[in-house]
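The values are calculated or read from the model by the stated rules, or taken from the named source; none is laboratory data. This one's a predicted model, so the numbers in the text were calculated from it and none came from an experiment. Because the Cβ atoms are built from the backbone with ideal geometry, glycine has one as well, and the counts that use them run over all protein chains shown.
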Amino acid sequence: MKALYITNTLTRQKELFKPVNPGHVGMYVCGPTVYGDAHLGHARPGVTYDVLQKLFRHLGYKVRYVRNITDVGHLEHDADEGEDKIAKKARLEQLEPMEVVQTYTLRYHEAMRMLNVAPPSIEPRASGHIVEQIEAVKKILEAGYAYESNGSIYFDVQKYNADHKYGILSGRSLDDTLEGTRALDGQDDKRAPYDFAVWKKAEPQHIMRWPSPWGEGFPGWHLECSVMGEKYLGHEFDIHGGGMDLMFPHHECEIAQNVATRGTQGVHYWVHNNMITINGQKMGKSLGNFITLPELFSGNHPKLEQAYSPMTIRFFILQAHYRGTLDFSNEALQAAEKGLRRVMQAAKDLYTLAGAKAPQLAYGEYSDSVAPDSCPATNADVKKIWEGVYDALCDDMNTPIALSHIFDAVRIINTAKEKKLTLSKGDWDTLVQLFNDIVFGVFGLKDEGSESGKAMKTIDGLMQMVLEERAAAKAAKDWATSDKIRDALKALGISVKDGKDGAEWTLD
RNA sequence: GGUGCUUUGGCCGAGAGGUUAGGCACAGGUCUGCAAAACCUGCUAGAGCGGUUCAAUUCCGCUAGGCACCUCCA
């Protein structure tokens, strides 16, 4: 099994990945709060951790991937009038909160499906784990790290900090935290500004509420991930992922809660993806500069010059390292679109030239192909590509470098197609394996142009007829007719390219 | 104000103390009835000022700009 190195935010260093249980990976990722459509920013962790779990599987691990749905909590203000984001939206639209949750959960699933982000092994909801969260609050109280105040329970950060250290993940001291804390209204219930709620009393107008030993209320913002992570992955598990913006306070609080409830930090590797920016600024709800995924897919947004397909978005994300920011622009997405098209065309040619079949995996299905320890090919260039791809992926999941090697493979395939290069059977097999396992497997790309289905088969048959007519015209040097056919097809969105062995066609 | 990150060629984006990132765009060429595609070649950058070093875009310091978190946020 190949060794994988991954950057652990806890140490800020690339560390050799060592699983808690040999051969198994437990992975928890913070999912969305379902009160609106997912935007481009949400696509990043979706794709990033999808690739990571697929990489783990390809390296031979069994993976349990937990990604939650936040459908409760998350106060809009850290204040007494604190109204659940979901509850607020529900009131505006005169809907049941769970109706909003259901709508946007389904829409989120659909967006992820289009991005070919596999469904997680378990997708727990905060609202389905109220009992467990109440138990966790009790444990924190018993441990002496929380206090009750006016029906709410707050985590006593100062007390915790005295026994353990608060701020180990974000690298800030309690003083730093205090320094930046602004005077917010309605913090009277708290002993200190940096204390955070683990259980919040529900005001009369608050819709989402559950009975508890401390009255009616709802769980605090950070509790669900601690509780559900432990429930499904155990006291200690391997990977916890999420956006960098969640590092503080969300993940910091999670660690504190974990220590308070189970006596251990619980997570071995904290992995954080960076943000997607627009004009150099973070794309986010509060800034109002976000573009939702349905808008991207349809092109229906003033900032968009055109629609971008889900795979273009996926490729765009893959072309940057997950820990760096990635700037949105029409130019960048158009570049990604063309780059992707080039890879997909080469893939098609590869399967034809190698006499192999493209992988046919249903959505959410995984290949059981495991990466061999050494390259099976003999051709020096192919070998270099193969090794480059795996070295890059095992070095903190460096997808841009891995992709650059894939482009080298594209060049080799194209050269071979022009019969300027001859490859051995073993070399072809290696390239096929690389595309199967990495391009389609780990990267999770798919060819959007070749939708199979009855209609497509009909079109294909039709096109063969049309192209035969055109070939006949060409043979008779009737350029007017052959060009007329090509122009007419172009107008319909079908490109015809004349090759050495006859014409090819593609849908634009 | 506190903490941390960042500044790369026309654009997006990597790695590495000395050796080609890659993609897109652009220019020239090959092929082709033409076109497209493909292939070849070119474009060789790293905010500014200092320092370390035989050698720095890569390490260190300062200056300037940008960003993120500190409040819900992927």
Kindly list, by first and then second residue, each pair from a residue in segment A:400-419 that is modelled with pLDDT under 95 to a residue that is more than 6 Å from RNA strand B (Cβ to nearest atom) and not in a helix (DSSP H, G or I), limited to pairs with Cβ atoms under 6 Å and residues at least 6 apart or on different chains. A:415/A:421; A:416/A:423
Looking across segment A:353-380 at residues that are modelled with pLDDT under 90 and within 16 Å of RNA strand B (Cβ to nearest atom), the single one that is surrounded by the most Cβ atoms within 10 Å (Cβ to Cβ) is A:379
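I'd like the residue in segment A:352-390 that is hydroxyl-bearing (Ser, Thr, Tyr) and more than 30 Å from the chain's Cα centre (by Cα) and, out of all such residues, is farthest from residue A:416 (Cα to Cα). Let's see the steps before the verdict.
Pass one, segment A:352-390, residues hydroxyl-bearing (Ser, Thr, Tyr): A:352, A:363, A:366-367, A:369, A:374, A:378, A:390.
Right, trim to more than 30 Å from the chain's Cα centre (by Cα) and you get A:352, A:378.
Values: A:352: 12, A:378: 16 Å.
Going through the qualifying residues, I end up with A:378.
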Looking at segment A:384-413, which of its residues are surrounded by fewer than 21 Cβ atoms within 10 Å (Cβ to Cβ) and over 16 Å from residue A:443 (Cα atoms)? A:384, A:387, A:408, A:411, A:412
Looking at segment A:158-170, is at least one residue more than 14 Å from RNA strand B (Cβ to nearest atom), in contact with a helix residue (DSSP H, G or I) (Cβ under 7 Å, 6 or more places away or on another chain), assigned to a loop (DSSP other than H, G, I, E, B) and at pLDDT below 85? no
Counting only residues that are away from RNA strand B (no atom under 11 Å from the Cβ) and of a type outside the set (Gly, Ala, Ser), which one in segment A:1-12 is surrounded by the most Cβ atoms within 10 Å (Cβ to Cβ)? A:4
Of residues in segment A:296-309 being touching a residue at least 60 places away in the same chain (Cβ under 8 Å) and of a type outside the set (Phe, Trp, Tyr), the one farthest from RNA strand B (Cβ to nearest atom): A:309
Of the residues in segment A:349-379, those that are over 15 Å from residue A:434 (Cβ atoms) and either touching an Asp or Glu at 6+ places or on another chain (Cβ under 7 Å) or small (Gly, Ala, Ser) (or both) come to A:355, A:362, A:364
Six or more apart or on different chains, Cβ under 6 Å: which pairs go from a residue in segment A:480-500 that's touching a residue at least 12 places away in the same chain (Cβ under 8 Å) to one that's surrounded by fewer than 13 Cβ atoms within 10 Å (Cβ to Cβ)? Could you list them? A:493/A:508; A:495/A:508
When segment A:453-507 is examined, which residues are found to be within 38 Å of the chain's Cα centre (by Cα), near RNA strand B (Cβ under 10 Å from one of its atoms) and within 26 Å of residue A:353 (Cα to Cα)? A:495, A:496, A:497, A:504, A:506
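Residues are listed down the side, and each one gets a yes or a no for (1) in a loop (DSSP other than H, G, I, E, B); (2) out of contact with any helix residue (DSSP H, G or I) (no Cβ under 7 Å at 6 or more places or on another chain); (3) within 17 Å of residue A:345 (Cβ to Cβ):
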{"position": "A:432", "(1), (2), (3)": "no, no, yes"}
{"position": "A:435", "(1), (2), (3)": "no, no, yes"}
{"position": "A:441", "(1), (2), (3)": "no, no, no"}
{"position": "A:455", "(1), (2), (3)": "no, yes, no"}
{"position": "A:458", "(1), (2), (3)": "no, yes, no"}
{"position": "A:470", "(1), (2), (3)": "no, no, no"}
Restricted to segment A:202-261 and to residues being of a type in the set (D, E, K, R) and surrounded by 21 or more Cβ atoms within 10 Å (Cβ to Cβ), the residue nearest to residue A:49 (Cα to Cα) is A:238
Since residue A:480 meets every condition but one in (1) of a type in the set (Gly, Ala, Ser); (2) in a loop (DSSP other than H, G, I, E, B); (3) farther than 30 Å from residue A:380 by Cβ, which condition does it not meet? (2)
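Within segment A:393-404, how many residues are more than 8 Å from RNA strand B (Cβ to nearest atom) and assigned to a helix (DSSP H, G or I)?
4
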Mind checking which residues of segment A:15-57 are surrounded by fewer than 24 Cβ atoms within 10 Å (Cβ to Cβ), within 9 Å of RNA strand B (Cβ to nearest atom) and in a strand (DSSP E or B)? A:33, A:39
Name the residue that is farthest from residue A:283 (Cα to Cα), counting only residues in segment A:326-340 that are more than 6 Å from RNA strand B (Cβ to nearest atom) and touching a residue at least 40 places away in the same chain (Cβ under 8 Å). A:340
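Counting just the residues of segment A:246-291 that are part of a helix (DSSP H, G or I) and among the β-branched types (Val, Ile, Thr), which one comes out nearest to RNA strand B (Cβ to nearest atom)?
A:255
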Say we look at segment A:171-196 and pick out the residues that are within 12 Å of RNA strand B (Cβ to nearest atom) and in contact with a Ser or Thr (Cβ under 6 Å, 6 or more places away or on another chain); which of these is modelled with the highest pLDDT? A:194
What is the one condition in (1) surrounded by fewer than 15 Cβ atoms within 10 Å (Cβ to Cβ); (2) within 13 Å of RNA strand B (Cβ to nearest atom); (3) charged (D, E, K, R) that residue A:323 does not satisfy? (1)
Segment A:310-359 - residue that is outside any helix (DSSP H, G or I) and among the aliphatic types (A, V, I, L, M) and, of those, farthest from residue A:289 (Cα to Cα): A:356
Is it true that some residue in segment A:126-148 is crowded, with 17+ Cβ neighbours inside 10 Å and within 30 Å of residue A:313 (Cα to Cα)? yes
